[in-house]
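Working notes, beginning with the structure itself.
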Amino acid sequence: MPAPLHLVQSDLGLPRQADFVVIGGGIVGVCTAYFLAQSGVTVTLVEKGRIGAEQSSRNWGWCRQMNRDKRELQLASRSLELWEEIQAETGENLGFSRCGLLYLSDNEVELEGWANWCAWAKGEGIQTEVLNSDQAAHRAKASAKPWMGGIVSPTDGVADPSAAAPGIARAVQKHGGSIHQFCAARGVERRAGAVSGVITEQGTIKTSRVVLAGGAWASSFCRQMGISVPQSAVRSSILSVAPVTATLPAAVHTQGVSLTRRSDGGYTVAISGMARFDPSPQSLRYMHRFFPMFLQRRALLRPGGLQAFLSGHETLGKWDLDKHTPMERMRILDPRPDRGTINETLRRARLLFPELGAAVLQNAWAGYIDSTPDGVPVIDELAPGFIVAAGMSGHGFGIGPGVGQMTADLAQGKTPELSHHPYRLARLQKGALDVAGF
């Protein structure tokens with residue numbers, strides 16, 4: 001089953017021209033369009049399927065600074081501020097709250113790593129607390145076991161993946177921007193090397209500035225323009241349980257299983273990092289670039305099947321701009337969840353949190369988490385007038401507002417408030433494979 005998702009009403013009539021066109025209606029795309037529309041320019045967002053229907057509604061909903069790569073920490077902090085601001089300014093219920101995030105562990109090496117991160121982050125102004133065994137036990141009273149220790153980040157929080165992207169899309173419309181669903185962008189027109197328009201299945205929009213926020217589709221789209229963006233995706237399976245009368249933490253991570261309270265009182269449940277690798281032409285092409293990352297995650301990454309190959313989002317082929325493209329054949333990436341992973345996730349959750357023993361399995365879904373070789377996004381102008389924000393590496397939902405603000409600034413030729421240097425494509429072209437750390 002697909003993940004829960006609020007619906008958005010599309011605008012009628014594709015405009016002939018716009019100051020800016022955003023391709024992709026996930027959290028990054030709608031946030032970019034929001035900040036552009038706020039500035040008073042005309043912005044049109046085109047989405048091949050529904051707003052937020054892919055990974056933006058298939059994640060945990062965490063908006064965290066905790067354990068962020070040093071290159072993303074400022075962006076994560078700024079995003080938390082923007083989550084609050086956007087929710088207040090728009091009047092939309094995005095489900096955002098600073099409920100705090102709790103990490104628990106019995107692994108000395110893991111606890112030492114967390115403590116080192118907390119000591120470093122304190123110098124960056126991040127509020128965290130290292131927990132001893134007694135403190136961890138107090139905060140995790142609902143679990144069926146004692147803990148060696150943990151950490152808590154009281155200023156981190158969650159938002160509602162089913163409501164966030166649709167809510168921000170409606171805010172774009174209120175600011176005068178237009179939203180066009182089931183309207184795939186087939187390619188970008190260029191004149192003398194610079195952007196001159198976007199070709200969609202419903203016609204061409206004349207524009208000189210385009211933002212591609214295509215998620216797992218971004219690399220294939222860039223390839224049509226002769227631009228190489230190394231990107232690969234894994235299939236992650238996740239579930240939700242119906243509301244329970246339990247006193248569980250709002251958001252808790254353990255090595256075995258992680259929980260997030262949903263807006264309906266139920267819980268999203270997942271095993272961090274566990275995923276299937278579905279081979280595709282694109283993933284095989286870039287395999288040597290991703291080998292260090294896959295090697296690091298080998299304990300949780302398992303061979304998959306042909307779903308990615310059949311979905312078409314990681315193709316190496318070129319498509320004709322006057323014919324149906326892979327995006328029109330696969331409007332929404334909705335891969336089958338791995339049944340073994342779902343069963344194991346539910347088993348672990350009920351074992352660790354006994355109050356979930358009678359919880360009813362409400363839903364199960366899967367999504368493709370797109371990544372770069374170093375686990376950090378690409379946010380960059382890759383050709384005159386063509387800006388890309390992709391490869392969010394599983395972090396895109398939480399940092400979506402900050403990425404959107406940075407991307408909107410780049411698209412308008414402004415200097416972003418935060419440096420975008422760590423996110424330039426050149427770092428990957430030079431072969432830098434500094435896999436996440438601090």
- Item | Simple spin-label estimate for ASN93 and TRP120 in nanometres, 7 Å along Cα-Cβ | 4.0
- Note on the structure: Shape call for the stretch 1-89, from the Cα gyration tensor axes a ≥ b ≥ c (a/c under 1.5 means rounded, otherwise prolate when a/b beats b/c, else oblate), comes out oblate
- Query: Using 0.36 nm per residue, how much length does the chain from ASP19 to LYS318 gain when fully extended, once their Cα-Cα distance is taken away?
  - Reply: 104.9 nm
- extent check for the stretch 192-234: Cα max minus min per principal axis, descending, whole Å, gives 35, 25, 14
- Item | Accessible area of the stretch 181-223 belonging to carbon and sulfur atoms, whole % at 1.4 Å probe | 48
- Message: Around GLY24, under 10 Å between beta carbons, what's the net of Lys plus Arg minus Asp minus Glu among the other residues?
- Response: -1
- Message: If the elastic network links every pair of Cα atoms under 10 Å, which of TYR423, TYR34, TYR368 fluctuates the most in the Gaussian network model of the chain?
- Response: TYR423
- Task: Among the lysines, select those whose C-alpha is under 29 Å from the C-alpha of LYS122, and discard any that sit fewer than 8 residues away in the same chain.
- Result: LYS70, LYS141
- Task: In nm, give the distance between the simple-model label positions of THR415 and GLN127, each being 7 Å from the Cα along the Cα-to-Cβ direction.
- Result: 3.1
- Residue separation between MET148 and GLN202 times 0.36 nm, minus their alpha-carbon distance, gives in nm 13.6 nm
- Task: Find the centroid of the Cα atoms in the stretch 235-312 and in the stretch 332-410, then give the distance between the two in whole Å.
- Result: 8
- Summed residue charge, Cβ within 10 Å of VAL41's Cβ, Lys/Arg positive, Asp/Glu negative: 0
- Task: For the chain, build the convex hull from the C-alpha positions and give me its volume per residue in Å³.
- Result: 127
- Taking 69-80, 181-192 and ranking on average Cβ neighbours within 10 Å, highest first, one gets 69-80, 181-192
- Give me the compactness ratio for the stretch 325-438, meaning the Cα radius of gyration over 2.2 N^0.38 Å. 1.44
- Item | Value of [θ]222 nm, deg cm²/dmol, for the chain, DSSP H segments ≥ 4, -39500 (n - 2.57) each, nearest 500 | -8500 deg cm²/dmol
- Distance in nm between label sites at GLU110 and ARG190, each 7 Å beyond Cα in the beta-carbon direction? 4.6
- Query: In debye, nearest 20: dipole of the chain around its Cα centre with unit charges on the Cβ of K, R (+) and D, E (-)?
  - Reply: 920
- Message: Can you give me the convex hull volume of the Cα atoms of the stretch 264-387, divided per residue and expressed in Å³?
- Response: 173
- Query: Which of these, HIS180, HIS421, HIS253, has the largest mean-square fluctuation under a Gaussian network model of the chain (Cα springs below 10 Å)?
  - Reply: HIS421
- Query: Heavy-atom accessible area per residue, the chain, 1.4 Å probe: how many Å²?
  - Reply: 40
- Note on the structure: Taking the square root of 5λ for each eigenvalue of the C-alpha gyration tensor of the stretch 91-224, the equivalent ellipsoid has semi-axes, largest first and in whole angstrom, of 46, 19, 14
- Item | Formal net charge of residues neighbouring ALA142 (Cβ-Cβ distance under 13 Å; K, R +1; D, E -1) | +4
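The values are calculated or read from the model by the stated rules, or taken from the named source; none is laboratory data. Keep in mind that this is a model prediction, so the values were computed, not measured. Don't worry about glycine lacking a Cβ; one is built from the backbone with ideal geometry, like all the others, and counts go over all protein chains shown. Side chains included, ligands, DNA and RNA excluded: accessible areas come from the protein's heavy atoms. Shrake-Rupley method; radii C 1.70, N 1.55, O 1.52, S 1.80 Å.
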